[in-house]
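The values are calculated or read from the model by the stated rules, or taken from the named source; none is laboratory data. Being a predicted model, the structure only gives us computed values, none of them experimental. Backbone-built Cβ (ideal geometry, glycine too); neighbour counts: all protein chains shown.
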Amino acid sequence: MNVLEFESHLHEMEENIEKFRIMSEKDNIDLNKQILDLEKRLKTEKEAVYSKLTPWQTVQIARHAQRPVLEDYINLIFTDFIELHGDRRFSDDRALIGGFATLGDQKLMLIGHNRGNNVTENIERNFGMALPDGYRKALRLMELAERFGLPIVTFIDTPGAYPGIHAEERGQAEAIARNLCEMAKLKVPIVCIVTGEGGSGGALGIGVGNVILMLKHSIYSVISPEGCASILWRDGAFAEQAAESMKITAQSLKKLGVVDEIVSEPLGGAHTNPVATAKSVRSAILKHLRKLNAMKADGLIENRFEKYAHLGVFTS
Amino acid sequence: MNVLEFESHLHEMEENIEKFRIMSEKDNIDLNKQILDLEKRLKTEKEAVYSKLTPWQTVQIARHAQRPVLEDYINLIFTDFIELHGDRRFSDDRALIGGFATLGDQKLMLIGHNRGNNVTENIERNFGMALPDGYRKALRLMELAERFGLPIVTFIDTPGAYPGIHAEERGQAEAIARNLCEMAKLKVPIVCIVTGEGGSGGALGIGVGNVILMLKHSIYSVISPEGCASILWRDGAFAEQAAESMKITAQSLKKLGVVDEIVSEPLGGAHTNPVATAKSVRSAILKHLRKLNAMKADGLIENRFEKYAHLGVFTS
Amino acid sequence: MPWFEMERVDVKTKPPKDAMWIKCKSCKAMIFKSVWIENLHVCPECDFHGKLTARERIDFTLDEGSFKELNESIAPADPLKFECGYGSYAEKIKATNLKTALKEAVITGTGTIQGINVVIAVMDFRFFGGSLGSATGEKILLAADYALKHSMPYIVVSSSGGARMEEGILSLMQMAKTCAGIARLNVKGIPYISILTDPTYGGVTASYSTVGDVNLAEPHARIGFAGRRVIEQTINEKLPDDFQQSEYLMEHGFIDKIVRRTEMKDTLAQILSYCQPAKS
Amino acid sequence: MPWFEMERVDVKTKPPKDAMWIKCKSCKAMIFKSVWIENLHVCPECDFHGKLTARERIDFTLDEGSFKELNESIAPADPLKFECGYGSYAEKIKATNLKTALKEAVITGTGTIQGINVVIAVMDFRFFGGSLGSATGEKILLAADYALKHSMPYIVVSSSGGARMEEGILSLMQMAKTCAGIARLNVKGIPYISILTDPTYGGVTASYSTVGDVNLAEPHARIGFAGRRVIEQTINEKLPDDFQQSEYLMEHGFIDKIVRRTEMKDTLAQILSYCQPAKS
Ligand SMILES: [Zn+2]
Ligand SMILES: [Zn+2]
């Protein structure tokens, strides 16, 4: 398990507890009381750290190598996932996948970035950075869902849409823009959840919904803190400050009206307990789908339009 | 001007007339009577040849290097052509073009194969053999026409859709199939005209209409005569026979119900008088558009569906 | 759109009646005949998917005894009085009728898949290389219209060399005709699932078989627009082995899922549970 | 979606007031100032298209005196109380107001083009690199809604470095907001023409500017999703010179037509004669 810098003292405490355990077993000494005490202190300390995480610390949790990815959620809470491949134009993007899936007794179309669980997978999945083909596949699947009245659930977890030469050639910008237009018009409920890193247009390209959820320690921003720092501070080293200024945490985004509900994570972050995290995700999605299922097509479209029409702060 | 084999004796007669003319002028001899006589014989002979053209001779006329191409029609009868480029996905196919155009006082969307007027252009236009990108561009433009209530006119003139590796990769088959489905549903009038070679799926990919017109000496077939011969005779040299068997002339296709009207060509073929040919094309298209414009969207769709539902001969 | 070179494909799907063993065409393993048949003509050693007749496919795809054929009397005419290298089309139709006990290259009907009502059309490659003639197109459209009228999902299993040249332009028109039928299903939200099997080419890939709401394919099925030979002649080079195989098509975005034959029925039932005909 | 590197672009569009001659940035020819202005800042020697302010564009695009501004009072707030390397966003807004006499990066309004009523939005690169902030998005949406309500064609002229980072996620949301407005025009058959000028990048290409019914672009305009530098860093090689120019985008299928500035008004009138708002 990768240890984040700001958690190193927590990690040391955990290692000490483990040492005590081993000692007590090996030498047959009763250290239960000491261990319980240490565990209590660990918990208190952890709560202290996690109750006042800085945005930059949140960035690190959101990008944690062990943070659950779409595939984990598919395995943990969805039954019967049938992946549907291809954009019917050019390729099957592995960074952005989708298919029929069942959550509880709710049949739906599941679409999401899939950055993979290890380096090999990361590379195969291009770290969740999709090509235009991925966004076009997503749109095809959303239209399929619409045809058969299935609600759409999207999982957002990407550093951004891929900024490469083929992406430009095949119209990364157009592919995302087209999705923004078409998602506005879909006649079925759309629930989006940011589970890790919600990176800019690459996130938004599958992120127009009736309800936007966000895991507590995920982030969502218009540009990466590093990118923002290198432009507005002319030095990438100001990333921490940029993370602070840009207001990229779930808490800030809820206040700005961009996010409708924050989904809780276990103490220590989603990666410390994927099962519990997935359960929270499951019930949050199901709760909102139940409400949205009661709405008619026109109402869903109007609801979505009004939501976005009111986002933004300006003077007049 | 290229001379077709079966026309070589006509060509000789034309050359003789020309010689007489030069002689009469140079030597100041009155040969008017002789010239008039020769011209009369030429006309009679031409009529004889053209009144009983074989299918294989028609193939040669349809493929004549000087036969007018889309660009000629654009210059001769359309005013105000605004070419619209690109499929908004991958490329701008030069073999299949389209855009806003005006015919008489009729504003419309013009789409057609464009094989070019000389070898340089032929190569640039890939001899009118489109890639999937071309068919997807055509569909985009047809949907644009539908949005603004413009009728669609397609000019068909292709040896076939391009059979290459990139065409397969990008889904030549799917692109054509998608057009067949979508053209069936379009809410605006569609008039198609085969002006040269109507080659198989590559022709049909822009060839689903309410009215199908065909120039008198154009051809339209499921496979080239050469291709048919090489499969069903196991020898491409039987192309002439295949052309005969397959019934690929305008006259045959009208009998089979595939073509609604034959548009006349000047004696000697369209290439001998592009202006007159274009005029016939113009009035045929306008005549049918006037009728179709009076129909409502549902009626147009139903009319198109019924047309195709009844094509085919079988026993039951 | 060249017709698939049917003559190069071995259209026998059954072993000689007296043989006890079948030799797998791919891995050359000797398979006990009853195992081969029970395994739906899939090699247990290398997963090679052998040919099947339309009837055989219907048998394992639908619930037992549920199939009811539609329009079985529709059969080819010979509108062009077509004569070619092999003789006359009319004669060959008769000979093929006798040899295959088929009247056309497609069998259509209704049935159930794990209890779900469906309309199904299954092509048979033995009949003129599964080519798309007037009668083929008519049956495929009528089945689509039946699905439309009764709000039932429509499944088409393709296997075809492409257009039926012997019917000339009328064969080409079947592409537009069948697609018009599919378009009407799309508009009404009637599910349409296309299953592509080895080989599917030309006029069939350029019409109904590539525009499914969901496109499924069997492993290693050869699927393409133009035939390999035509492309090699055009580009003047050899093509890679996996060119035009279903895996290649999936990579390029045209196949939703590759499904092993032995899992096809379950997969169809699973997919159909998501694709409910929209209430009109 | 990196914000276009506005600092590298010379945002001055007018020559110093006392100069008689302008030096063309591209061919270095010396152009008489009055010729330069009369020619809409296009070099008569090499056809280089120089920068223009939004007002200048409105002047030559619409019929004289026909422009009526909409929502001119809408201006940026500072929802995040944003502070960064250059200081505070709030201060920079004030400074930019003074320098440019603009309240936002877009001017919207109504007018006529050869007598045809239109709604138009024109971006001005001088205001925060034409970046897409909350007020920008609001004005673009309100103009779209005006077009919808009055069944008038909508024209947007883009010139932008992308999102306005100083407004964080709210800037990103303007992409969805403006596209929702365009989607409503599409549904009702109201024509929407997008004109892309140098440079248009990031959040603006990834929203309203690439989804026109017709997408027009000026010659050699740089248009892209990611900035050149970001791509070069990603792929670790130099990009060709014409990469991301409008001609390149047209070749790749994303631009309908490249239109010289001096022909833009005629072209718009011509196109609008085909794109009539559908009667509802
Ligand atoms: Zn085997
Ligand atoms: Zn110059």
Original post:
Quick check: is even one residue across region D:83-90 under 23 Å from residue D:168 (Cβ atoms), in the same structural domain as residue D:197 (by TED's automatic domain parsing) and buried (at least 19 other Cβ atoms within 10 Å of the Cβ)?
Top reply: yes
**OP:** Working only within region C:26-46, note down all residues that are assigned to a loop (DSSP other than H, G, I, E, B) and either among the polar types (S, T, N, Q) or more than 12 Å from ligand 1 (Cβ to nearest atom) (or both).
**Re:** C:26, C:39, C:40
Subject >> Test: residue in region C:81-95 that is in contact with a strand residue (DSSP E or B) (Cβ under 6 Å, 6 or more places away or on another chain) and either within 16 Å of ligand 2 (Cβ to nearest atom) or assigned to a loop (DSSP other than H, G, I, E, B) (or both) >> reply: no
Original post:
Somewhere in region A:226-241, is a residue assigned by TED's automatic domain parsing to the domain that holds residue A:65, out of contact with any Asp or Glu (no Cβ under 9 Å at 6 or more places or on another chain) and in contact (Cβ under 8 Å) with a residue 60 or more places away in the chain?
Top reply: yes
Original post:
Checking residue A:182 against (1) more than 9 Å from chain D (Cβ to nearest Cβ); (2) surrounded by fewer than 22 Cβ atoms within 10 Å (Cβ to Cβ), which single condition isn't satisfied?
Top reply: (1)
Original post:
When residues of region A:250-263 are filtered for being buried (at least 18 other Cβ atoms within 10 Å of the Cβ) and in a loop (DSSP other than H, G, I, E, B), how many remain?
Top reply: 4
**OP:** Would you tally the residues in region D:122-169 being free of Cβ contacts under 8 Å to residues at least 24 places away in the same chain and crowded, with 24+ Cβ neighbours inside 10 Å?
**Re:** 1
**OP:** Tell me which residues, restricted to region B:282-316, are within 14 Å of another protein chain (Cβ to nearest Cβ), assigned to a loop (DSSP other than H, G, I, E, B) and within 26 Å of residue B:101 (Cβ to Cβ).
**Re:** B:296
Original post:
Which is at pLDDT below 95 and either within 16 Å of ligand 2 (Cβ to nearest atom) or out of contact with any helix residue (DSSP H, G or I) (no Cβ under 8 Å at 6 or more places or on another chain) (or both), of C:73, C:26?
Top reply: C:26
Original post:
Can you tell me which residues in region A:29-66 are among the β-branched types (Val, Ile, Thr) and more than 14 Å from residue A:267 (Cβ to Cβ)?
Top reply: A:29, A:35, A:54, A:58, A:59
Subject >> Criterion (under 18 Å from the mean Cα position of the chain (by Cα), more than 7 Å from chain C (Cβ to nearest Cβ) and of a type outside the set (A, V, I, L, M, F, W, C)) met by exactly one of B:196, B:149, B:201 >> reply: B:196
**OP:** Considering each of B:226, B:240 in turn, give the residue that is within 16 Å of residue C:164 (Cα to Cα), surrounded by fewer than 20 Cβ atoms within 10 Å (Cβ to Cβ) and acidic (Asp, Glu).
**Re:** B:226
**OP:** Filter region B:47-63 down to the residues that are outside any helix (DSSP H, G or I) and of a type outside the set (A, V, I, L, M), then identify the one that is nearest to the other protein chains (Cβ to nearest Cβ).
**Re:** B:54
**OP:** Give me the pairs, please: first residue somewhere in region B:293-309 and polar (S, T, N, Q), second residue anywhere and not in a helix (DSSP H, G or I), beta-carbon distance under 8 Å, and either six or more positions apart or on two chains.
**Re:** B:293/B:151; B:293/B:189; B:303/B:210; B:303/B:295
Original post:
Do we have any residue at all in region D:230-238 that's part of a loop (DSSP other than H, G, I, E, B) and either touching a residue at least 24 places away in the same chain (Cβ under 8 Å) or at the interface with another protein chain (Cβ under 7 Å from one of its Cβ atoms) (or both)?
Top reply: no
Subject >> Number of the condition not met by residue B:211 [criteria: (1) more than 12 Å from chain C (Cβ to nearest Cβ); (2) over 19 Å from residue B:150 (Cβ atoms); (3) of a type in the set (Val, Ile, Thr)] >> reply: (2)
Original post:
Out of curiosity, is residue C:265 within 11 Å of another protein chain (Cβ to nearest Cβ) and surrounded by fewer than 19 Cβ atoms within 10 Å (Cβ to Cβ)?
Top reply: no
Subject >> Residue among B:76, B:42, B:108, B:38 that alone is modelled with pLDDT of 95 or more, on the phi < 0 side of the Ramachandran plot and out of contact with any Pro (no Cβ under 6 Å at 6 or more places or on another chain) >> reply: B:76
Original post:
If you go through region C:137-148 one residue at a time, do you hit one that is over 22 Å from residue B:184 (Cα atoms) and either of a type in the set (Asp, Glu) or modelled with pLDDT of 95 or more (or both)?
Top reply: no
**OP:** Give the residue, chosen from D:255, D:271, that is closer than 26 Å to residue D:52 by Cα and more than 14 Å from chain A (Cβ to nearest Cβ).
**Re:** D:271
**OP:** Hey, can you tell me all the residues within region B:224-244 that are at the interface with another protein chain (Cβ under 10 Å from one of its Cβ atoms) and within 24 Å of residue B:265 (Cα to Cα)?
**Re:** B:224, B:244
Original post:
Quick check: anything in region B:49-61 buried (at least 19 other Cβ atoms within 10 Å of the Cβ), over 25 Å from residue B:239 (Cβ atoms) and in contact (Cβ under 8 Å) with a residue 24 or more places away in the chain?
Top reply: no
Subject >> Residue that is away from chain A (no Cβ under 14 Å), crowded, with 19+ Cβ neighbours inside 10 Å, within 24 Å of the chain's Cα centre (by Cα) and more than 16 Å from ligand 1 (Cβ to nearest atom), where the choices are D:54, D:95, D:101, D:105 >> reply: D:54
